[in-house]
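Below you'll find the structure, written out as structure tokens, and then a few comments.
The values are calculated or read from the model by the stated rules, or taken from the named source; none is laboratory data. Remember, it's a predicted structure, so these values are computed and weren't measured experimentally. Methodologically, a virtual Cβ is constructed for each residue, glycine included, from the backbone with ideal geometry; neighbour enumeration extends over all protein chains shown. Areas reflect the complete protein model, heavy atoms only, side chains present, ligands, DNA and RNA absent. Shrake-Rupley method; radii C 1.70, N 1.55, O 1.52, S 1.80 Å.
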Amino acid sequence: MRTKFLILGAGPAGLSFSNRLFQNGERDFIVLEAEAQAGGLCRSVDVDGYALDIGGGHILDVRRTEVVKFLFQFMSRDEWNYFVRDTTIHINGKYVSHPFEANIWQFNTQDQAEYLASIARAGCVTGKPKPEKFTEWITWKLGERIAQEYMLPYNKKMFGSELDNLGTYWLEKLPDVSFEDTLRSCLEHRAYAKQPGHSEFYYPVEHGYGELWLRMAGALDGRIAYGQKVNSIDFDSHIVRTEEGREFSGEVIINTIPYAEFRELQGMPESLRQKTRSLKHTSVQVKYSPQKMDTSAQWIYYPDPGLSYHRIFVRHNVLLGSKGIWYETNSDRIGPPDGNFAYINEYAYPLNTIGKPEIMRSLLEWMAEHNVFGLGRWGEHQHYNSDTTVELALKLADKLL
Ligand SMILES: Cc1cc2nc3c(=O)[nH]c(=O)nc-3n(C[C@H](O)[C@H](O)[C@H](O)COP(=O)(O)OP(=O)(O)OC[C@H]3O[C@@H](n4cnc5c(N)ncnc54)[C@H](O)[C@@H]3O)c2cc1C
């Protein structure tokens, strides 16, 4: 089967790209999806009477207004609740508001003094050169004490043995630390103004986040082929094969699936293939618990190495009127099944290893010369949130239409 556009993967990237085509009158395309349902990491399932986001807690950031406008076409504004972010970090037996460095004032005086002294010695404050390794960057940026008590153990839980191989080029997401702001915040007993990402967000009133993507899939008038697990691509003939041996081809191919899914990358130079094979990712288990937590937080971070999970998402504080929470755990750290619902996302976090920008630059450029475009979290191997993914998908569709 040959179409003008062949889209691999029906997650937010594939769904946004194909809906933009559809809305512009293009009908000559098909989306191939391995699962029986669209939505990728943003899917939700029903657990204990309410929706649970199987890719981990997912919320829609309000900041990209064009993206939000596009998405509200499928699920109107009145189907979403608006939230101001309220999240905490559990550290040394105490809950502290996130972001950590803006809320040091919540500790006792002795701890505040020690955190401040440590920030005053941080490399970025004393003018030391910025390190290239993530683990060294943390201490350089936040000081020894925040690094040792929070950032290093937390990231070790998230990224496991790959932590030492991560670079620093992706860290614009992390809040800056400022000695003056931290000091002022401690003296005035209030958080300093810098807000983390997702400081305001939407979550569906009655559904999980997955409902949005199901509706986007429904709008495509049957142009998604489900249960089609792609495992090879030929860059010369533009033929894509599935595990069951079906063949599809497209004049233009949009890849949103992880490169590790391709057993064969035919026509790709050997050196580039080897680089592509070196891309790394981690997996995350999402596990439900029916308990109610006595907190207003929507989610909580747990750096304690003694606990397997790194984050709890408090369902009853986001899907209002529901109950229960879920744990998010790097799948290398999970325990045996305990009867509660659990789901493992094999592809959760694309890893920002030191050589990755160069690998992705050469891969994406070479593919584009062959009319194959990498898009989204896996197609670009970037920690994109869904709103960024949608924005990039709309831009690419507009460019190619
Ligand atoms: C724990 C966690 C929390 C997150 N929280 C948020 C949040 O709060 N807000 C937010 O906006 N974003 C969040 N994100 C990011 C969000 O999940 C991604 O931005 C978004 O899912 C990216 O969409 P995508 O289409 O690029 O990738 P995916 O969602 O991964 O979609 C890829 C699609 O390709 C399919 N596929 C894979 N392999 C094959 C194959 N071989 N053949 C055919 N199809 C295949 C998959 O089944 C899937 O449908 C979070 C991510 C994680 C891991």
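So the values come out like this:
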quantity: Charge dipole of region 259-401 about the Cα centre (unit charges at C-beta), most positive-ward option of T276, L392, M293; calculated: M293
quantity: Cα pair distances in the chain, grouped into 20 Å bins until the bin that holds the longest one, percent each; calculated: 26, 56, 18, 0
quantity: Cβ charges +1 (Lys, Arg) and -1 (Asp, Glu), total dipole of region 92-133, debye; calculated: 180
quantity: Extent along principal axes [Cα atoms of region 278-382; Å; largest to smallest]; calculated: 54, 30, 24
quantity: Residue of T242, T65, T168 that the Gaussian network model of the chain assigns the largest fluctuation, springs spanning Cα pairs under 10 Å; calculated: T65
quantity: 0 to 90° range, to nearest 10: angle between helix 179-188 axis and the chain longest Cα axis; calculated: 60
quantity: Cα gyration tensor category, rounded, prolate or oblate, for region 99-188 with a/c compared to 1.5; calculated: prolate
quantity: Charge dipole (debye, nearest 20) of the chain; +1 at Cβ of Lys and Arg, -1 at Cβ of Asp and Glu; calculated: 320
quantity: Which of D78, D234, D48 is most accessible, then next, and so on - probe 1.4 Å; calculated: D78, D48, D234
quantity: Considering only the chain, percent of DSSP beta bridges that pair antiparallel, nearest 5; calculated: 65
quantity: Sulfur and carbon atoms: percent of accessible area, region 99-188 [1.4 Å]; calculated: 52
quantity: 12 Å beta-carbon shell around F22, net charge (K/R +1, D/E -1); calculated: 0
quantity: Accessible surface, 1.4 Å probe, highest first, among residues R64, R145; calculated: R64, R145
quantity: Those lysines that a straight Cα-Cα span of less than 22 Å connects to K229, excepting residues fewer than 8 apart in one chain; calculated: K4, K280
quantity: Using alpha-carbon coordinates, inclination of helix 386-400 to the longest axis of the chain, degrees; calculated: 30
quantity: For region 47-132, alpha-carbon Rg over 2.2 N^0.38 Å; calculated: 1.66
quantity: Sites matching GluC sites (Glu not before Pro) across region 41-133 that sit in DSSP coil, with at most 14 neighbouring C-beta atoms within 10 Å; calculated: E132
quantity: Gyration tensor (alpha-carbon) shape descriptor, region 135-233, a/c threshold 1.5; calculated: oblate
quantity: P(r), alpha carbons of region 222-329 - 10 Å bins starting at zero, rounded %; calculated: 12, 28, 17, 21, 18, 3
quantity: Separation between Cα centres of region 324-401 and region 23-55, rounded to whole Å; calculated: 15
quantity: Sites S278 and A368, calculated FRET efficiency, Cβ-Cβ separation with R0 30 Å, nearest 0.05; calculated: 0.90
quantity: Local net charge near N92, Cβ-Cβ under 14 Å (Lys/Arg +1, Asp/Glu -1); calculated: -2
quantity: Protein-only accessible surface order, largest first, of D236, D338 at 1.4 Å; calculated: D236, D338
quantity: 1.4 Å probe accessible area per residue over the chain, in Å²; calculated: 43
quantity: Selected from Q148, Q285, Q23 as most flexible by GNM, with the chain as the system and alpha-carbon contacts under 10 Å; calculated: Q23
quantity: Helix-only CD estimate at 222 nm, as mean residue ellipticity for the chain, using -39500 (n - 2.57) per DSSP H run (n ≥ 4); calculated: -8000 deg cm²/dmol
quantity: Region 244-349: GluC sites (Glu not before Pro) in DSSP loop, at most 11 other beta carbons within 10 Å; calculated: E244
